[in-house]
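Undergrad: Below you'll find the structure I mean.
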Amino acid sequence: MSTQTIGASTTARPSVRGTDPDRLRRTNKAWLFVAPFGLFYLAFLLGPSIYMFVASFFDTSIVKTGLGNFIGLENYTTLLSSSDFWSSMWHTLQFTLYTVPPLVVLSFVFAVLANRMQRGQIFWRMAFFTPFILPSAAISLVWVFIFTADTGLWATVQKWLGSEAPSPVLATPNLAMVGIAVATVWWTIGFNFILYLAGLQDIPRELYEAAAIDGATPWQQIRHLTIPLLSRTTTLVLLLQIIASLKIFDQVYLMTSGGPGTSTETALVFITKTGFTDYRIGAAAAASFVLFLVILVIALVRQVVERAQLKGA
């Protein structure tokens, strides 16, 4: 009796691998929904990336049509022997070192503090995240006013502290990058804050309650529970922040234009000046590809680290 029932049910079961007209129609509709993004992806990301790679082997210029003459690796050899390029890479690294540690550490600390609050979490979320949604032009303008010599807010604070000649931050080579970094930290800390806060709210409260019953202090709970459980979130935040810092352009271009002198000229500012001031699109494409390789290597290192963490777990 049971054998016949099983056989009947097996026979009546429809074939999943067979041709399903409804499934085919759903697939076609799905492709229609994806198509607009795919077109924009091809037109504004993949297409220009391919053109950039090809143009890096030519003496392409915006003052003449076409790709120009094929020159092989000459753009790369000239670039790698250019002191201006290496200076811009150092300034990019300098900005990354100034911004990544505080943006990771402070966002984690503020997220932990906000998560422990019984009231007012919505206010703190809005307070930290609102600057992030503002355009870079508005943020740059605000901080240019703050750092304005003699009349800016920072100059006023220095006068209150007894300084008779306040230092013009954005006009001082040793301070200009620090000023841009401070503006960037204030502007973008909200994004990492939200990521950490989301990760914290995924940790079961029972773990903290059990740790408190066992006598763990708040610091011990953070050290032995919060930090290990947020390790994947931290690697994600670290990767996104490093990539964002390596691609710094807006704040530098709007606040200092790479100055004073070339003390804040980052890689993308160097690429922009090479392509649109010196009209050497081929050389700018080569510099862009080198920067792309640097970012790609960092992303691959992050993947290796994450896989090692998963295997260790």
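The values are calculated or read from the model by the stated rules, or taken from the named source; none is laboratory data. What you are looking at is a predicted structure, and each value in this text was computed from that prediction instead of being measured. We place every Cβ from the backbone using ideal geometry, glycine too, and count neighbours over all the protein chains shown. In case anyone asks, the SASA skips ligands and DNA or RNA and just uses the protein heavy atoms, side chains included. Shrake-Rupley method; radii C 1.70, N 1.55, O 1.52, S 1.80 Å.
Undergrad: In the stretch 131-163, how many are touching a Gly at 6+ places or on another chain (Cβ under 9 Å) and within 16 Å of Val178 (Cβ to Cβ)?
TA: 5
Undergrad: Hey, any hits in the stretch 55-68 for a residue that's closer than 30 Å to Val269 by Cβ, exposed (fewer than 10 other Cβ atoms within 10 Å of the Cβ) and without any contact (Cβ under 8 Å) to a residue 12 or more places away in the chain?
TA: Within the stretch 55-68, one or more residues are closer than 30 Å to Val269 by Cβ, exposed (fewer than 10 other Cβ atoms within 10 Å of the Cβ) and without any contact (Cβ under 8 Å) to a residue 12 or more places away in the chain.
Undergrad: Read through the list (1) in contact with a helix residue (DSSP H, G or I) (Cβ under 9 Å, 6 or more places away or on another chain); (2) aliphatic (A, V, I, L, M); (3) farther than 30 Å from Phe270 by Cα, then give the number of the only condition that Ile213 fails.
TA: (1)
Undergrad: Among (1) at pLDDT below 95; (2) touching a helix residue (DSSP H, G or I) at 6+ places or on another chain (Cβ under 8 Å); (3) under 30 Å from Gly282 (Cα atoms), there is one condition Val63 misses while meeting the rest; what is its number?
TA: Going through (1) at pLDDT below 95; (2) touching a helix residue (DSSP H, G or I) at 6+ places or on another chain (Cβ under 8 Å); (3) under 30 Å from Gly282 (Cα atoms) one by one, Val63 breaks only (2).
Undergrad: Count, please, the residues in the stretch 24-59 that happen to be closer than 30 Å to Ile281 by Cα and either aromatic (Phe, Trp, Tyr) or under 30 Å from the mean Cα position of the chain (by Cα) (or both).
TA: Number of matching residues: 23.
Undergrad: Here's a follow-up. Here is a list: Leu175, Leu225, Leu207. Which entry is out of contact with any Cys (no Cβ under 6 Å at 6 or more places or on another chain), open to solvent by less than 60 Å² (accessible area, probe 1.4 Å) and either of a type outside the set (Ser, Thr, Tyr) or not in a helix (DSSP H, G or I) (or both)? Reasoning before the result, please.
TA: Values: Leu175 fails: open to solvent by less than 60 Å² (accessible area, probe 1.4 Å); Leu207 fails: open to solvent by less than 60 Å² (accessible area, probe 1.4 Å).
Checking each option against the conditions leaves just Leu225.
Undergrad: Can you report the number of residues in the stretch 255-280 which are within 13 Å of Trp90 (Cβ to Cβ) and either in contact with a Cys (Cβ under 8 Å, 6 or more places away or on another chain) or charged (D, E, K, R) (or both)?
TA: Residues flagged as within 13 Å of Trp90 (Cβ to Cβ) and either in contact with a Cys (Cβ under 8 Å, 6 or more places away or on another chain) or charged (D, E, K, R) (or both) within the stretch 255-280 amount to 1.
Undergrad: Any idea which residue in the stretch 82-105 is farthest from Thr272 (Cα to Cα), counting only those that are in a helix (DSSP H, G or I) and of a type in the set (Gly, Ala, Ser)?
TA: Out of the qualifying residues, it is Ser83.
Undergrad: What are the pairs with Cβ atoms under 9 angstrom where one residue, in the stretch 218-244, is farther than 23 Å from Phe95 by Cα and the other, located anywhere, is among the acidic types (Asp, Glu)? Sequence gap at least six, or different chains.
TA: If the second residue must be among the acidic types (Asp, Glu), the pairs left are Leu229/Asp202; Arg232/Glu306.
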